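Throughout, read-outs are computed from the coordinates displayed, never taken from laboratory work. Keep in mind it's a predicted model, so treat the numbers as computed, not measured. No Cβ is skipped: glycine too gets one built from the backbone with ideal geometry, and neighbour counts run over all protein chains shown.
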Amino acid sequence: MYTIITENDESAWEDETGILYHFPKRYQRYLEPGTRLVYYKGKITNKLFSGKRLSDSPHYFAVAKIGKVYPDKESTKGDLFATIVDYTPFEKAVLAKNESGYLETIPDTRKNNYWRDGARVIDQYIYQKIISLAELGQVSESTPDYNASEALNDLDNLLESSSDGKASMRYVTTYERDPKYRKQAIAIHGNSCFACGFNFGEFYGEYADGYIHIHHRTPVSELGGPKSIDPETDLVPLCANCHSVVHRRRANTLSISELMELIEKTSNKSSKRDAVTGARS
Ligand SMILES: [Zn+2]
Ligand SMILES: [Zn+2]
């Protein structure tokens, strides 16, 4: 399936272009996993955004694919969100209307409200036409766009040597540089520690709200070369303490269940200790 998705310059959704896409339930059947997408922007409404767009006129600006679809837990209306994969931005705008008319076929019955739909199904012919006008050349098929083992090597080295201040600075920027998977993982798993439940916002207040480490479940040594990441199964949010403990010994990265067992054991001990202290007083 081929679907156009609209991204407004200002939107109520916290969409991240090429990373996440939120949508109401009525569009679910047009946005199934694997659907090929064309990103569309309507006519500019606020000139402030002029520099951030390829054109002020209605236009297409990227292609991508739907990764997986999840319910938006914060929505009371059954809204959903999707992870976006293979995002390929255009270098120049493909205008929605040119000398020969609109690129999309507007049914006679929809003349008045066609453009109001945020998600619009198109056929393969229109999809190919937009791609050829974008002069993309070959749209990459399923090449991993991220070298997981490289990035993780970075991270592990840094955790390993984080006793010196410079290293922990670099550790932060490793994430800042590629926020895509981090944002997807947080959208899917939330931002509380998966192992101990710690939440930075709840503990430290608004200043720390949303802070969390994202950990890759497979140790670097076992990845065996570049591989694409599924943020649902490969990534997990951990607090800074749990994350450090997982990577405490390079030769033996703990699994999340091993980490949870450690926490379980000591929390049993401390509740026993509390019981003893309580008996003495
Ligand atoms: Zn934790
Ligand atoms: Zn990690």
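Numbers below:
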| quantity | calculated |
| --- | --- |
| Highest average packing first - 230-243, 197-210, Cβ atoms within 10 Å | 230-243, 197-210 |
| Under the Karplus curve 6.51 cos²θ - 1.76 cosθ + 1.60, θ = phi - 60°, whole-Hz ³J(HN,Hα) for the stretch 181-194, x wherever Gly or Pro sits | 6, 4, 5, 5, 5, 5, 4, 7, 9, x, 10, 9, 4, 5 |
| Inter-part distance where the stretch 224-264 and the stretch 1-42 are each reduced to a Cα centre, Å | 32 Å |
| Calculated FRET value between Thr105 and Lys73, using beta carbons and R₀ = 41 Å, to 0.05 | 0.65 |
| Cα gyration tensor category, rounded, prolate or oblate, for the stretch 2-134 with a/c compared to 1.5 | rounded |
| 21 Å Cα-Cα threshold exceeded, pairs from Lys41/Lys111; Lys68/Lys180; Lys183/Lys265; Lys97/Lys129 | Lys183/Lys265 |
| Percentage of interatomic Cα-Cα distances in the stretch 1-75 larger than 21 Å | 28 percent |
| The stretch 195-215 versus the stretch 77-134: alpha-carbon centroid distance in Å | 39 Å |
